[in-house]
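Here is the structure we will look at.
The values are calculated or read from the model by the stated rules, or taken from the named source; none is laboratory data. Remember, it's a predicted structure, so these values are computed and weren't measured experimentally. Methodologically, a virtual Cβ is constructed for each residue, glycine included, from the backbone with ideal geometry; neighbour enumeration extends over all protein chains shown.
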Amino acid sequence: MVGFASGTIPSPALNHALVKNYSILGLHWGLYNTKNPKLVQHCHEQLTELAARGAVKPLVSERVPLAGAAGAVQRVADGVTTGRVAVLLENGAAA
């Protein structure tokens, strides 16, 4: 998981991790941008390339025109959105 838009940090089912033999790792992503911005840029480039290839597909739950951006930001702040909210420019491209 990345981020907790609802404001609630979920509690992982540790028994599942133990039985299925995987690890759970937490990190403060914002701190990376302070300590190693080049690493953040590198990760961004790799994720962008994966998305361009279709290897990862972010969930976009809403697409709103620029005029609806303020309401969309408020819904994100209120924690009532699921996935990404894309703000579209007049030509239909995402901002």
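Brief remarks follow.
- Screening residue 36 on (1) in contact with a strand residue (DSSP E or B) (Cβ under 8 Å, 6 or more places away or on another chain); (2) assigned by TED's automatic domain parsing to the domain that holds residue 9; (3) of a type outside the set (D, E, K, R) shows it passes everything except condition (1).
- Only one of 83, 54 that is farther than 22 Å from residue 29 by Cα and of a type in the set (Gly, Ala, Ser): 54
- Test set (1) surrounded by 11 or more Cβ atoms within 10 Å (Cβ to Cβ); (2) of a type outside the set (A, V, I, L, M, F, W, C); (3) at pLDDT 80 or above - residue 6 fails condition number: (3)
- Residue 63 being basic (Lys, Arg), in contact with a strand residue (DSSP E or B) (Cβ under 6 Å, 6 or more places away or on another chain) and free of Cβ contacts under 8 Å to residues at least 60 places away in the same chain: yes
- For segment 16-34, the candidate set comprises residues that are under 21 Å from the mean Cα position of the chain (by Cα) and not aliphatic (A, V, I, L, M); within that set, the residue that is modelled with the highest pLDDT is 34.
- Annotation note: Cβ proximity below 7 Å between a residue of segment 70-93 that is within 14 Å of residue 8 (Cα to Cα) and a residue that is surrounded by 11 or more Cβ atoms within 10 Å (Cβ to Cβ) and of a type in the set (Asp, Glu) (sequence gap 6+ or interchain) occurs for 81/62.
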